[in-house]
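Asker: So that we are looking at the same thing, I have put the structure below in structure tokens.
A short reminder: the numbers here are calculations on the coordinates, not readings from a lab. Here the structure is a predicted model, which means the values were calculated and not measured. Here the Cβ positions follow ideal geometry from the backbone for every residue, glycine too, while neighbour counts run over all protein chains shown.
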Amino acid sequence: MVTQIVRTNGLIDIETTASVALMNNYLLHWARNPDPGSWFDWMTFWRHWVSDQTLLHWLFRLRYGCQLLLEDENVVSHIFHQRHGDELHLFSIFTIEPRQNEGIAKRMLREWLVTAWNTPGINKVRISAGNDEAVAHMYESVLSGAYHLPFEVTRGNGPGWVNLIR
Ligand SMILES: CC(C)(COP(=O)(O)OP(=O)(O)OC[C@H]1O[C@@H](n2cnc3c(N)ncnc32)[C@H](O)[C@@H]1OP(=O)(O)O)[C@@H](O)C(=O)NCCC(=O)NCCS
């Protein structure tokens, strides 16, 4: 089985091996099918009137991006984020149901944090808004040192916020 983590937009590490078409299609599918009534749903209502190409263009301009865990080109886990200046906001983390509770989201989050730290100009991240039990647990674990990050982090101001210390 070929396993790889690929990323697009807003993070420095766009791997040349990545299947760009696969990532773009995944991003588009998710953008066209957001949780009804979610912030993203409201903020991108214009998506109904634009082509896939235009939607993708604007998602990138608005600095939306994702990190995917692929196994044989199948998406097993995703993180979606948006960059705002020196901040990177994780607003969706997901592992397919048959593979949950194997530590996959934890691995994804660790990779995402390391990549954020390695991306010039990103000083703070927000690990969701703190209203999901699993994500809140992961957030506290990050701050407690359980993710064994190769750099220091401190608790930021407000739920989900983490300062990356260089
Ligand atoms: C939440 C989700 C991403 C976790 O993915 P996963 O790959 O099963 O997670 P992991 O196995 O890596 O577990 C990560 C940690 O969270 C904990 N955890 C997992 N589900 C949990 C839950 N429902 N409540 C509290 N903690 C939970 C695990 O015990 C683990 O903690 P540990 O590191 O102390 O052992 C997955 O259940 C999912 O996709 N759910 C649907 C989408 C969703 O609700 N996303 C969150 C909101 S954006």
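Asker: Can you name the number of the only condition in (1) free of Cβ contacts under 8 Å to residues at least 12 places away in the same chain; (2) surrounded by fewer than 14 Cβ atoms within 10 Å (Cβ to Cβ) that P34 fails?
Answerer: (2)
Asker: Now, a different point. If you go through segment 48-69 one residue at a time, do you hit one that is buried (at least 18 other Cβ atoms within 10 Å of the Cβ) and among the β-branched types (V, I, T)?
Answerer: no
Asker: Continuing with the same structure: Which condition number does Y139 fail, the rest of (1) within 15 Å of the ligand (Cβ to nearest atom); (2) under 19 Å from M23 (Cβ atoms); (3) among the hydroxyl-bearing types (S, T, Y) being met?
Answerer: Single failed check for Y139: (2).
Asker: Quick one: R107 ticks every box in (1) near the ligand (Cβ under 8 Å from one of its atoms); (2) over 18 Å from the mean Cα position of the chain (by Cα); (3) in a helix (DSSP H, G or I) bar one, so which box is it?
Answerer: All conditions pass for R107, except number (2).
Asker: Within segment 70-104, track down each residue that is near the ligand (Cβ under 8 Å from one of its atoms), closer than 18 Å to N25 by Cβ and surrounded by 20 or more Cβ atoms within 10 Å (Cβ to Cβ).
Answerer: S77
Asker: Looking only at segment 128-147, count every residue that is within 11 Å of W161 (Cα to Cα) and part of a loop (DSSP other than H, G, I, E, B) and tell me the total.
Answerer: The number of residues fulfilling the criteria is 3.
Asker: Here is a further query. Filter segment 81-104 for residues that are in a helix (DSSP H, G or I) and of a type in the set (V, I, T) and give the result.
Answerer: Here is the first cut: in segment 81-104, the ones in a helix (DSSP H, G or I) are 97-99, 104.
The answer is I104, and nothing else.
Asker: What are the residues in segment 150-166 that are closer than 16 Å to W112 by Cα and surrounded by 16 or more Cβ atoms within 10 Å (Cβ to Cβ), if any?
Answerer: Those that are closer than 16 Å to W112 by Cα and surrounded by 16 or more Cβ atoms within 10 Å (Cβ to Cβ): V153, G160, W161, V162, L164.
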